[in-house]
Amino acid sequence: MAYRDLEHMTDAFIEVTGNTLDEAFENAGISVVDIMIDINSVEEKRHKKIEIIAKDLNNLLYNWLEEIIILTITEGFAARRFSVTLTKNNEYNLVANIDGEEIDFKKHHFKLEIKSPTFHLMEIKQEKPYMMRFLLDL
């Protein structure tokens, strides 16, 4: 993950990979948190669980990114570690166990606010290494 001069950007184009689709979703979560705050300053003091259901992978990724933004900005929770499990029957189901702590903007060094994820330029490659590309509106 590389970020350049994010302060003057209106969008961030992110690419993450993983050895599994679960790991790619975990890395997508880490990238979103690290754009907003310094993820390395977060301690694993509290636990949260999120479950998301979607009709396809693009909608699942969009909803996942949106949930992380809400968790961080609205609920004030700084995530450090994600453990994601995906299953698929008629729909995709994502269960995420998240460890982190309450946000302290002095400790966690707030960087940027993400307004929302977008479907524009979203891409998911479902073969090793699994790859996701997505655009965030800053």
Of the residues in the stretch 95-138, those that are of a type in the set (K, R), out of contact with any helix residue (DSSP H, G or I) (no Cβ under 7 Å at 6 or more places or on another chain) and either in a strand (DSSP E or B) or in contact (Cβ under 8 Å) with a residue 12 or more places away in the chain (or both) number 4
Cβ pairs under 9 Å, 6+ apart or interchain, first in the stretch 16-40 and acidic (D, E), second open to solvent by less than 30 Å² (accessible area, probe 1.4 Å) and outside any strand (DSSP E or B), ordered by first then second residue, are D38/H108
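Here is a yes/no grid of residues against (1) of a type in the set (V, I, T); (2) within 24 Å of R133 (Cβ to Cβ); (3) open to solvent by 30 Å² or more (accessible area, probe 1.4 Å); (4) more than 15 Å from the chain's Cα centre (by Cα):
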{"site": "E43", "(1), (2), (3), (4)": "no, no, yes, yes"}
{"site": "T87", "(1), (2), (3), (4)": "yes, yes, yes, yes"}
{"site": "L94", "(1), (2), (3), (4)": "no, yes, no, no"}
{"site": "E113", "(1), (2), (3), (4)": "no, yes, yes, no"}
Exercise for review: Would you confirm whether any residue within the stretch 56-66 is in contact with a helix residue (DSSP H, G or I) (Cβ under 9 Å, 6 or more places away or on another chain), among the acidic types (D, E) and surrounded by 12 or more Cβ atoms within 10 Å (Cβ to Cβ)?
Suggested key: no
Scanning the stretch 53-94 residue by residue, the ones that are in contact (Cβ under 8 Å) with a residue 24 or more places away in the chain and in a strand (DSSP E or B) total 15
The condition from (1) open to solvent by 20 Å² or more (accessible area, probe 1.4 Å); (2) in a strand (DSSP E or B); (3) touching a helix residue (DSSP H, G or I) at 6+ places or on another chain (Cβ under 9 Å) that D34 misses is numbered (2)
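The values are calculated or read from the model by the stated rules, or taken from the named source; none is laboratory data. As the structure is a computational prediction, the values presented were derived from the model and not from experiment. Heads up, the Cβs are rebuilt from the backbone with ideal geometry, glycines too, and the neighbour counts pull from every protein chain shown. Heads up: the accessible areas ignore ligands, DNA and RNA and are worked out on the full protein's heavy atoms, side chains in. Shrake-Rupley method; radii C 1.70, N 1.55, O 1.52, S 1.80 Å.
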